[in-house]
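The values are calculated or read from the model by the stated rules, or taken from the named source; none is laboratory data. Treat the numbers as computed from the prediction; the structure is a model and nothing was measured. Using ideal geometry, Cβ is built from the backbone for each residue, glycine included, and neighbour counts are taken over all protein chains shown.
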Amino acid sequence: MKKKLPIWFLAMIMTLALQPPAAYADVGPKPSVVIDFQGLENERYYVTLLSEIPTTGPYRAIEAYPGNPRFSEEEADYGIWRAFAAYQDTDDYYFLQYFQECTDTSRFTWGYYPPPKFKILIYFPDQDQFLSSKKAYERYAFDSYYTAAVQTPAIQEPNSAGERLFVVRSYDYIREIQSFAMRMAATVAIEILVALLFGLRRKSILLYILVINIVTQSILNLALNLTLYYYGGLMFILNYIWMEIFVFAVEAAAYAIGFKKIYAGAGIRKWIAPVYALSANGISFMAGMWISYYWPGIF
């Protein structure tokens, strides 16, 4: 008997493809900037990154895009947003309407399309004062970590060098290994689920899919991380396109060979392998869009 893909499964794929997501990425790694603050334990403060360019990802400067305010008067943080929006940077860096309160965490995280070059801006609402870094910093790696030691008291006079923020790189290799493992687990889980939906339920076939995914996704994630770390965003994008196509081709070929051997004599159709490979990669791509938006610290 010929097996057909269930209508509800095809409808799910179409729904995921047609819905406009709030983010543009897959389950693979996402660039981020993380800043840990020291010396502000007794202050209430908010942090943003002022950008050299007026837009990055979904974030835009209000002066460059006046029709795109991210906050309205009804929202609780409208006053904070308005204060940041009114700030005038001496180097004409832009406020992209993204900020966080860091009072309790002492950490600022911009986990989705942070600006490539930025200045750190801190706002103290109780005093209605700002503290800005005099220097600009860059996303030096895919996940760029900094530690910012603030001269105490932060809102008083600067030191003799005119600086009150002392910022150093603090790349967290352990966290990157954990994030890498979680990205791998998410991708493999999604592709195994898709295999079950395709009726591929034998333990031997699921183990085969697991091994293939561990190999391909490990190589893909490692290559992309190294590419972005050493060569920057443009090369990352160019490599990502052909690498994804290459991964699909490798997986489709591996599945065609493996499925034929495992299902020898069972009459599995030849189109199952490439269609499954395309569907699994496509669904993991779409799922990653949503996951990266709601859980940017991991993805």
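So the values come out like this:
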| quantity | calculated |
| --- | --- |
| Answer from 192, 205 - the residue that is in contact with a helix residue (DSSP H, G or I) (Cβ under 8 Å, 6 or more places away or on another chain), free of Cβ contacts under 8 Å to residues at least 24 places away in the same chain and of a type in the set (A, V, I, L, M) | 192 |
| Residue 168 being at pLDDT below 95 and in a strand (DSSP E or B) | yes |
| Positions within the stretch 171-219 being under 24 Å from residue 286 (Cβ atoms) and outside any helix (DSSP H, G or I), in sequence order | 198, 199, 200, 201 |
| Residue check for residue 11: crowded, with 20+ Cβ neighbours inside 10 Å and at pLDDT below 95 | no |
| Condition met for residue 143 (under 23 Å from the mean Cα position of the chain (by Cα) and among the charged types (D, E, K, R)) | yes |
